[in-house]
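To start, the structure under review is shown below, and the notes come after it.
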Amino acid sequence: MTSHFTAAVASAPLTVPLALPIDILGIQHLVETATGPIALIVVAVYSFLIAVVLPLPSEVVLVPATSLDLGFSYPVQLVLVMLASGVGKAGGSVLALYIGRGASHSGPVTTLLRRAGYDPVAWSKHRVVDLVRAYGYVGLALGLTVPGFPDTLSIYAFSVLESDYLKFAAATFAGSVGRLVVTVLLVEGTLAVV
């Protein structure tokens, strides 16, 4: 079943703004092909970058779990990958919170997000503000559990409204791990039906 899972996650559609000056597909390929203990570091760094700047799918980090070659069973390797991703994303969220707090109304940040296809002001007013007011950090964690939704957008939208670094990192960690658990359950459930 793990080979089907790897194929399903690896073939997920990728939508990336074309104006980014870095080799996004190369970074994603590195994550998909990493093995051994270094794979956990690659997953953590990738997740850190997703939280701060990369509009890439978080779910890609699940691919190395099938080929880590750490001597553990697949479920243990899957948990290690989820924890590495959660730690990376939590660290990245702290940097994003710092940046977001300082640049919440910055022209260049808003312009960059709009070029990427997002209007952060309108989006945050209509969606995130209500979610934060109603659910606070739990809302951030729940928002991050939605597979396929851009983490970077959620993290920056929340960063404009919140300021507790520890709670922000904890919510991001929980949401990141939760998203990967939801993804595994959805993929494995779908494969079981097929």
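Looking at segment 120-140, is at least one residue part of a helix (DSSP H, G or I), modelled with pLDDT of 75 or more and surrounded by 21 or more Cβ atoms within 10 Å (Cβ to Cβ)?
yes
Do we have any residue at all in segment 99-117 that's open to solvent by 50 Å² or more (accessible area, probe 1.4 Å), under 20 Å from Glu32 (Cα atoms) and either touching a Lys or Arg at 6+ places or on another chain (Cβ under 9 Å) or at pLDDT 75 or above (or both)? Within segment 99-117, none of the residues are open to solvent by 50 Å² or more (accessible area, probe 1.4 Å), under 20 Å from Glu32 (Cα atoms) and either touching a Lys or Arg at 6+ places or on another chain (Cβ under 9 Å) or at pLDDT 75 or above (or both). Take Ile22 and decide whether it is open to solvent by 50 Å² or more (accessible area, probe 1.4 Å) and either in contact with a Cys (Cβ under 8 Å, 6 or more places away or on another chain) or modelled with pLDDT of 80 or more (or both). Judged against the criteria, Ile22 is not a match. Checking Val9, Val42, Val16, Val76 one by one, the residue that is modelled with pLDDT of 75 or more and touching a helix residue (DSSP H, G or I) at 6+ places or on another chain (Cβ under 7 Å) is Val42 and no other. Taking the criterion of being open to solvent by 50 Å² or more (accessible area, probe 1.4 Å), under 24 Å from Leu78 (Cα atoms) and at pLDDT 85 or above, the residues of segment 148-173 that qualify are Ala170, Phe173.
The values are calculated or read from the model by the stated rules, or taken from the named source; none is laboratory data. Just so we're clear, the structure is a prediction, and the values are computed from it rather than from any experiment. Here the Cβ is made from the backbone with ideal geometry for all residues, glycine too, and neighbour counts use every protein chain on show. Calculation scope for accessible area: heavy atoms of the full protein, side chains included, ligands and nucleic acids excluded. Shrake-Rupley method; radii C 1.70, N 1.55, O 1.52, S 1.80 Å.
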